[in-house]
Structures are given as structure tokens and as C-alpha cells.
1. Could you give the size of the charge dipole of the range 80-193 about its Cα centre, using +1 on the Cβ of each K and R and -1 on the Cβ of each D and E, expressed in debye and rounded to the nearest 20?
2. Taking the Cα atoms only, what angle lies between the long axis of helix 172-185 and the longest principal axis of the chain, rounded to 10 degrees?
3. Which of the trypsin sites (Lys or Arg not before Pro) found in the range 85-185 are in a DSSP loop and have at most 10 neighbouring Cβ atoms, other than their own, within 10 Å?
4. Counting only Cα atoms, I'd like the Rg/Rh figure for the range 80-193, Kirkwood definition for Rh.
5. Out of the range 1-79, which chymotrypsin sites (Phe, Trp or Tyr not before Pro) are coil in DSSP terms and have no more than 15 other C-beta atoms within 10 Å?
6. Heads up, I need the accessible area for Leu132: 1.4 angstrom probe, whole protein in place, Å², nearest 10.
7. Under a point spin-label approximation (7 Å from Cα along Cα-to-Cβ), what is the Lys35-Ile66 distance to one decimal in nm?
8. Just reorder Asp112, Asp85 by solvent-accessible area, largest first, 1.4 Å probe, all chains present.
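The values are calculated or read from the model by the stated rules, or taken from the named source; none is laboratory data. Remember, it's a predicted structure, so these values are computed and weren't measured experimentally. Cβ placement follows ideal geometry from the backbone for every residue including glycine, while neighbour counts extend to all protein chains displayed. With ligands, DNA and RNA removed, areas are computed over all heavy atoms of the protein, side chains included. Shrake-Rupley method; radii C 1.70, N 1.55, O 1.52, S 1.80 Å.
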Amino acid sequence: MKKVGEGAEAKIYEIEIFGNKAILKRREEKKYRAKELDRKLRKERTKAEARTMARLSSSLKVPKIIAAGQYSIIMERLEGRLLKDADITSAQIAEAGKMLGKMHEMNIAHGDFTPANLMSCKNGLYVIDFGLSEMTNSFEERALDILLMKRSIPAALYPSFEKSYSESFNGHLTVLGRLKEIEKRGRYQIRTLG
Ligand SMILES: Nc1ncnc2c1ncn2[C@@H]1O[C@H](COP(=O)(O)OP(=O)(O)O)[C@@H](O)[C@H]1O
Ligand SMILES: [Mg+2]
């Protein structure tokens, strides 16, 4: 079993299932957290991730789930490159905007929507890392998804992100209004930083 990545939250291993490559994402114990809280968070995030991936599987490019346990998910291995490691093109950022719009249309907020969680593959862009995702109607949560991306990409790319987002989500005016408010407030908390 080869370890291929370690994010803030989980360890990622490359495994083989009947000769096909797959990815095992496992949320390991975090010693600095109280044991009970740690178990609860790891379970909640694994469940949220598996659920959201299953919900999106027919509408959006996400890795296919092969199996899920309390702390682990086995999923399709993508061959590609993270957007954060490439020069992002405006076509890619437009695609990212469209995908976020679709998610929001389905009442799903991603929670960590950045170029580190988008993978450019041969057949297009994939979204990964749904551990902080939520089923929600909240315009605040949706606006925070946009804000995080806005702060993670060059300013010149943002307009095309916003445009394609708006084209794919009917509630875009309310979200963009909320985004302005949050930016004006000046102080905001993003879930991933909290
Ligand atoms: N399905 C996948 N196929 C290929 N690589 C993956 C896949 N899922 C995750 N990875 C790799 O593992 C890294 C961490 O995975 P991610 O789900 O983003 O976890 P974390 O919550 O730790 O950020 C990603 O940046 C990516 O490089
Ligand atoms: Mg990640």
C-alpha cells in the first residue's frame, strides 16, 4: 500500500482492487483532540464525504465510491493534476464555477472549494475532498464557498468564475449579495480555518 498524500485531515493510499488502482482515504486519529470529539469529527466528516459524493455522482464529475467505512472511503483513483499545481486557465475556472453552481443548486455547500480540491483530468475537471460539505439552504455557506475560491485564485480569473457560477445557479443574486455583505463586514470565519 503506497501512501500518495497526506492532507490536513486524512491519509491517502494507493491500493489495488482486482487489478485496478483505487484510493483509500483514511481519517487517522488526531492525538491533540480529546478522544471522543476526535472520533465524532472523523466519523461525521467521513459520512458527509461519502454521502455528498454519492449524491453528486450522477450530476458532477467526482470520484466514484467503491466502499465506505466509519473512518475510511475507498474510491476511484483519478489520474490528473491538482489545479493548485498548474497555471489555471480561464476555461478551467469557468468549469469550476459551473460545478459550484450545480452543487449549490442541489443544496450542497462544499466547505473547502479551492484549487487544491479540484483535479484536472483527461476528461475534464473533478471535484474532490467533501469532508466539510453540508446539505444546506444557507446563503451564507454558499457565499463562503465563493469567497474561499475568490481568495485562492488570481483576481483576473474571478469574473469568469462568477459568471459561470451565476449561469448554473438560479439563486446566484442572493448569494452574490451575501458575499458583498460578508466582504464589507471585513471579518469572516471560513469553516476550514476554524
Ligand atoms: N480520488 C483520488 N484520485 C487521485 N488522487 C486523489 C484522490 N483523492 C485524493 N487524492 C490526492 O490526495 C490529496 C488529499 O486528498 P483530499 O481528499 O483533498 O484530503 P484532505 O482532506 O487531506 O485535503 C489530494 O490533494 C490529491 O492529491
Ligand atoms: Mg484536500
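1. Charge dipole of the range 80-193: 220 debye, to the nearest 20.
2. Tilt of helix 172-185: around 90 degrees.
3. Values: sites: Lys98, Lys102, Lys122, Arg142, Lys150, Arg151, Lys163, Arg178, Lys180, Lys184, Arg185; in loops: Lys122.
Here the trypsin sites (Lys or Arg not before Pro) that fit, given the DSSP loop and packing criteria, are Lys122.
4. Working: Rg = 13.0 Å, Rh = 13.9 Å.
Looking at the range 80-193, the ratio lands at 0.93.
5. Values: sites: Tyr13, Phe18, Tyr32, Tyr71; in loops: Phe18, Tyr32, Tyr71.
Loop-located and lightly packed - Phe18, Tyr32.
6. Roll a 1.4 Å probe over it and Leu132 shows about 40 Å².
7. Result for the modelled spin labels: 3.3 nm.
8. Values: Asp112 35, Asp85 80 Å².
Most to least solvent-accessible, the answer reads Asp85, Asp112.
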